[in-house]
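Participant: Right, I'll just put the structure down here and ask away after.
The values are calculated or read from the model by the stated rules, or taken from the named source; none is laboratory data. What you see is a predicted model, and the numbers here were worked out from it, not measured in a lab. FYI the Cβ positions are ideal-geometry reconstructions off the backbone, even for glycines, and counts take in every protein chain you see. Accessible surface areas use protein heavy atoms only, side chains included; no ligands, DNA or RNA. Shrake-Rupley method; radii C 1.70, N 1.55, O 1.52, S 1.80 Å.
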Amino acid sequence: MYYNPPVPVSRRRLLASAAALPLLAKPFAPLKIVVAGGHPGDPECGCAGTVARYTELGHDVVLLYLNRGEGFCGGANLARCAGIRTEEARKACEILKARAAFAGQIDGRAIVDDSHYEAFARVLAAESPDVVFTQWPIDHHRDHRAVSILTFDAWLKTGKKFALYYYEVAEDTTMFSPADYVDISTVESRRRAACYAHASQQPDKWYPKQVEITRSRGMESGLPQAEAFLRHPESKRALLPR
Ligand SMILES: [Zn+2]
């Protein structure tokens, strides 16, 4: 048995060692988050507040759109829609400090077959996500259902490597019972600006409904306004903004 006599430590030395502590703290490791949606505007509609919270905290977020919105851009010629809506998506991502990515399918003509499962899985794998949010699959729009199922298949293919959460969008999502909530009350103006970046989609028609949803999710969770998610029960938990 050895005895180490206590070493006297001066106050100055103690303070100097305390000041050095932050340098020894674990370095911040940003998460890579992908929010997948059918069309430009879907990830923003369901998750813009959460995306803004994540990027404020220094995490890296990509909005991954299944198509470029070729099927509708207000009164403009359909041939111009992909260009108009790609630009709107880029603007929304700039507001949210996120990055836009596109999975190469066509609006209104989503294909879910072997080669498209493979193609989507490759796009997602290239991002190496820690967390993926996708649309809830019971939805009125085929493209929303498609992106949900393509994401789910890609998740299985990775061996459930990333955390998988589902989100809701006004009017189209049905039978959704969320369990995780993110307070978006401090980022409401950026959320609104990101949704209104999709001017060709006439946000006055759907944005107020999405606000009603997040107010109602807030009431469920004791927050002023909340976006709500459902984690797949076999998925690991993600670090959600608190
Ligand atoms: Zn959509």
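Participant: How do the pairs read when you match residues in region 33-53 that are in contact (Cβ under 8 Å) with a residue 24 or more places away in the chain and on the phi > 0 side of the Ramachandran plot with residues anywhere that are among the aliphatic types (A, V, I, L, M) and within 13 Å of the ligand (Cβ to nearest atom), using Cβ under 9 Å and keeping only pairs 6 or more apart or on different chains?
Facilitator: Gly41/Ala89; Gly41/Val169
Participant: Something else: Could you tell me which numbered condition Ser221 fails, if it satisfies all but one of (1) under 21 Å from His39 (Cα atoms); (2) more than 16 Å from the ligand (Cβ to nearest atom)?
Facilitator: (1)
Participant: Given the residues Ala154, Ala194, Ala199, which is the only one that is away from the ligand (no atom under 13 Å from the Cβ), closer than 21 Å to Pro40 by Cβ and either among the basic types (Lys, Arg) or surrounded by fewer than 17 Cβ atoms within 10 Å (Cβ to Cβ) (or both)?
Facilitator: Ala199
Participant: Six or more apart or on different chains, Cβ atoms under 7 Å: show the pairs whose first residue is in region 139-164 and part of a helix (DSSP H, G or I) and whose second is buried (at least 19 other Cβ atoms within 10 Å of the Cβ) and of a type in the set (D, E, K, R).
Facilitator: Asp143/Asp107; His144/Asp42; His144/Asp172; Arg145/Asp139
Participant: Among the residues of region 28-71, count how many are open to solvent by 10 Å² or more (accessible area, probe 1.4 Å) and in a strand (DSSP E or B).
Facilitator: 2
Participant: If you don't mind, there's one more thing I want to ask. Residues of region 181-191 being of a type outside the set (Asp, Glu), open to solvent by less than 50 Å² (accessible area, probe 1.4 Å) and more than 12 Å from Glu44 (Cα to Cα), which ones?
Facilitator: Tyr181, Val182, Ile184, Ser185, Val187
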